[in-house]
Structures are given as structure tokens and as C-alpha cells.
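Remarks on the structure that follows.
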């Protein structure tokens, strides 16, 4: 016998709440942000999220049960990746909504912006034209594997931990704009500090690869 519509309704909201419940943990959101950059083994995710492998595995299990991540074994490693191409767009929309509604989040972002200093203000087309003409350097300071997975057009890869010893690769007379994993990534602030100490004209590019891809597909 077919269930009454009133009996189905609670189940609909219960299933929707599964996603909300899983996302109600800061570290799980951070893990999704890391997987947005590239597929990664659990050990690397634990290192980048600054938590134990055991706890990382527990969070990933919950994300898998909610169909947000998938995993496959490669040799002795379990490699995790986002389960759907729509997840980056969903995460960006959630973050933008939270930033619009939460004053505390706005305040935290303002503190981060003060550490970074000036932001790049021109539109994306102008940025690409300048980068293509050699009048601007778009510097990606994420790890190499993330750059290899996807990056902004004309970007140059120098991971943050290599920046000091590779400054000679950056012409002193050309302005630089720096990006990393997105608005909550602190690598940009650290990179800008190094660059400005050495006299470079450098700004923060407040975007990530997923946002850029979404923007250019519209």
C-alpha cells in the first residue's frame, strides 16, 4: 500500500538534514575545501588540516555517507575526491550566503584582509590581458599538485614553502597578484609578507579556481 503524503514529508526533511548535519563541522568544511583543490590521500589531508589521520578518516567517513566525497585505493593509500562536479558551486554559494548574513564572519574576513593588505581591484578580463602581455604576474602559491590539477590562466606556480628561495624568478619591476585556495586561505597573506619585505608591488587576488571556473562558464 502506498504511503500517505504526510508520512513521506518527514522523511524528505530528514534526508535533507543529513547534508546540513555533516556540514555542521568546521573541519569537514575545511576538508571539502582542500579536496576542492585536488584529490588527496588521507595522510596529506590530515597534515593540511592539522588533525590526526584517525580523526581525518572519521570525518571523511561521514562525508562519504552523505555522498559528498568518494574514495579509491591506490596501492596502500586511500585517495579521496569530491563526489560531484556540483559540490564546488554549492560550497561557494554557501560561503557567499554565510558571508552576507554573519557579521562575525565578515569581521574575521576583515582581519584577514588587513593582514594581506591591498587587494587586486580590476576586472578579470583586464587581469588576463595584463598577464598575457607580461604586465602582471598571477602567482599561485598552492602546492604543486593542486596547481597541476587546475589553475588560473597564465598563472605561475611557486609554492609558498619555496617562495623565498625562488624570488629570483619574479622580475622586480612587474606587479604581482597572489592567490591560493580561496578567501579563507592564509597562504596568500604569508606570501604577500615575503614579497613586500623584498620590495615587490604585490596584491591579493581573492578568488579560487572553482570560483574562476564557475564565473567563466556562465
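The values are calculated or read from the model by the stated rules, or taken from the named source; none is laboratory data. Keep in mind it's a predicted model, so treat the numbers as computed, not measured. Note: ideal-geometry Cβ built from the backbone for every residue, glycine included; neighbour counts use all protein chains shown.
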Looking at 30, 62, 11, 43, which is the one that is surrounded by 10 or more Cβ atoms within 10 Å (Cβ to Cβ), closer than 19 Å to residue 182 by Cα and assigned by TED's automatic domain parsing to the domain that holds residue 77? 30
Name every residue in segment 194-214 that is assigned to a helix (DSSP H, G or I), without any contact (Cβ under 8 Å) to a residue 40 or more places away in the chain and farther than 13 Å from residue 141 by Cα, in order of residue number. 197
Give the residue, chosen from 9, 54, that is modelled with pLDDT under 95 and over 20 Å from the mean Cα position of the chain (by Cα). 9
If I ask for residues that are farther than 12 Å from residue 195 by Cα and surrounded by 14 or more Cβ atoms within 10 Å (Cβ to Cβ), which ones from segment 130-140 would you list? 130, 131, 136, 137, 138, 140
Cβ-Cβ below 6 Å, separation at least six or inter-chain, first residue in segment 103-125 and in the same structural domain as residue 152 (by TED's automatic domain parsing) and closer than 19 Å to residue 175 by Cβ, second in a loop (DSSP other than H, G, I, E, B) and at pLDDT 90 or above: which pairs? 120/205
Look at segment 145-174 and say how many of its residues are assigned to a loop (DSSP other than H, G, I, E, B), out of contact with any strand residue (DSSP E or B) (no Cβ under 7 Å at 6 or more places or on another chain) and surrounded by 14 or more Cβ atoms within 10 Å (Cβ to Cβ). 3
In segment 144-173, what count of residues is obtained for those that are farther than 17 Å from residue 195 by Cα and either touching a residue at least 40 places away in the same chain (Cβ under 8 Å) or more than 15 Å from the chain's Cα centre (by Cα) (or both)? 9
For residue 191, are the conditions met, namely being in contact (Cβ under 8 Å) with a residue 12 or more places away in the chain, exposed (fewer than 15 other Cβ atoms within 10 Å of the Cβ) and not in a loop (DSSP other than H, G, I, E, B)? no
